[in-house]
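A quick write-up on the structure given underneath.
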Amino acid sequence: MNETMTTERPRTAAATAIQALSAGLLSIERIAIMGLMFLLAGLILLNVVTRYSGMPIYWIDESAVYSVVWLTFIGASAMTRLRLDFAVTMLTERLSDRAQKIAKVTATGLVVIFGLALGVMCWLWMDPVGLARSGFDAREFAGQTFNFLYTERTQTLNWPTWVLYLILPLFAVTMTVHGLANLVEDMGLAPRAPLRGFVLSDVDGVN
C-alpha cells in the first residue's frame, strides 16, 4: 500500500509540474498574441495611411509578414493546449469508451512526438554546437558547413534572419510542453487544469 502511494506521488508531482509549466507558457503566449495582433493592425493601418498620402514606408510590408508568421506559430502552440485542433470523430465515436481513450492518448502522443522531431530538426539546422566551434563567426561557419543561416539578412529590415527563425524552435518547445500537459490529463495522471484567460465553449469535433 505504501509503495503504491510513493509511486503515485512522484507521478502526480511530475504531472502537476508539467501542467504548471504549460500554464505559464500559455499566459505568456496570450500576451504575445494580443501584442502581435495589435502590432499587425497598427502596421496595416500605417501602411494604408502612408500609401494614401503618397509616402509609403517600404519596410512595413515585410514587418507585417513576419508578424503574421510569429502570430501563426504562437497561436498554433496555444491552440494545442486549448485543444482547439479539430478532430475527425467518424471512427472514434463508434468505439468503446476504453478504445476512445486509447485513440485520444495516441493522438496526443503523436503531437508530442512531432514537437520533439521538430526540435531535433531545428537543432540540426541551426547547429549551435558547430557555430560555437567556429568561434561564433558566421562567415567561417558558413564556409565549413555551407549553412548560410547566420549570414543572411532580411531584404528591407536588414535584420539577421536567424533571429526571426527562432520562432521555429520556440514553437517546438512550447508545443511539446503543451502536448505533454494534455497527455498527462488524457492518461488520467492529473485532472484537467482550468485554463485562465481563455473563454472556451464545448464544440463537437474539438479535442
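The values are calculated or read from the model by the stated rules, or taken from the named source; none is laboratory data. Quick caveat: nothing in here was measured; it's all calculated off a predicted structure. Here Cβ is always computed from backbone atoms with ideal geometry, including for glycine, and neighbour counts include all displayed protein chains.
Of the set (1) over 14 Å from the mean Cα position of the chain (by Cα); (2) under 30 Å from residue 28 (Cα atoms); (3) among the polar types (S, T, N, Q), all apply to residue 145 but (2). Meeting the requirement of 1 or more residues that are over 27 Å from residue 62 (Cα atoms), the helices (runs of 4 or more DSSP H) wholly within the range 97-207 are 97-126, 128-133, 138-145, 167-186.
If only residues of the range 69-79 that are over 8 Å from the mean Cα position of the chain (by Cα) and at pLDDT 95 or above are counted, the one that is surrounded by the most Cβ atoms within 10 Å (Cβ to Cβ) is 70.
Just one residue in the set 108, 16, 89 is touching a residue at least 60 places away in the same chain (Cβ under 8 Å) and farther than 30 Å from residue 169 by Cβ; that residue is 89.
Considering only residues in the range 47-65 that are touching a helix residue (DSSP H, G or I) at 6+ places or on another chain (Cβ under 6 Å) and part of a helix (DSSP H, G or I), the one that is nearest to residue 198 (Cα to Cα) turns out to be 64.
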